[in-house]
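Novice: Provided herewith is a single structure, encoded as structure tokens, for subsequent inquiry.
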Amino acid sequence: MYRFLADAIVVVHFLFILFVIAGGMLVLRRPRLAILHLPAVIWGATVELCGWGCPLTPLENYFRRLSGDYGYSVDFVEHYLIPLIYPENLTVEIQYILGGAVIVVNLIFYFIIWRSKRIKRQQI
């Protein structure tokens, strides 16, 4: 059961990261999601830019230890995503790049949303 909970946290963590990065696409279709998406973007960018660890990582490790695994000492991004994207360890510079990418990608989505709403208002 504990291993299942740890794995479920990994899935939720990954989905949250996807929502932070690409949730702007969902907001294009459902503007009310911005109420959830904007705080998620602020949190995701802040975690990366400040070098904080996510609170889900210790919770996942807790359940892994209860299941008999050892867990890991690094954060979620460094343990799961960085090995997939970058061959080297997570550095402060990479965290700045990831945090900046979150901001830039979402600024683009929100600019598109703002522009489409502005065009619609002008047509009325």
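Novice: Using a 1.4 Å probe, how large is the accessible area of residue 11, given in Å² and rounded to the nearest 10?
Specialist: 80
Novice: Follow-up. Using 0.36 nm times the number of residues separating residue 116 and residue 5, minus their current alpha carbon distance, what extension gain do you get?
Specialist: 35.8 nm
Novice: Leaving ligands, DNA and RNA out of it, rank 57, 46 by accessible area with a 1.4 Å probe, largest first.
Specialist: Numbers: 57 10, 46 40 Å².
If we order 57, 46 from most to least accessible, we get 46, 57.
Novice: Keeping all protein chains in place, calculate the accessible area per residue for region 23-74 (probe 1.4 angstrom), answer in Å². Walk me through the numbers before you get to the answer.
Specialist: Values: 3360 Å² over 52 residues.
Accessible surface, normalised per residue, equals 65 Å².
Novice: Subtracting the Cα-Cα distance from 0.36 nm times the residue separation, let me have the gained length for residue 107 to residue 66 in nm, one decimal. Before the final figure, lay out each step's value.
Specialist: Values: separation 41, 0.36 × 41 = 14.76 nm, distance 4.09 nm.
Gain on extension, residue 107 to residue 66, equals 10.7 nm.
Novice: May I pose another question? Per residue, how big is the convex hull around the C-alpha atoms of region 1-72? Give it to me in cubic angstrom, could you?
Specialist: Numbers: hull volume 6.1 nm³, N = 72.
Cα-based convex hull of region 1-72, divided per residue, equals 85 Å³.
The values are calculated or read from the model by the stated rules, or taken from the named source; none is laboratory data. On a predicted model such as this, the values are computed, not experimentally measured, just so you know. Just the protein is used for accessible areas: all its heavy atoms, side chains included, with ligands, DNA and RNA removed. Shrake-Rupley method; radii C 1.70, N 1.55, O 1.52, S 1.80 Å.
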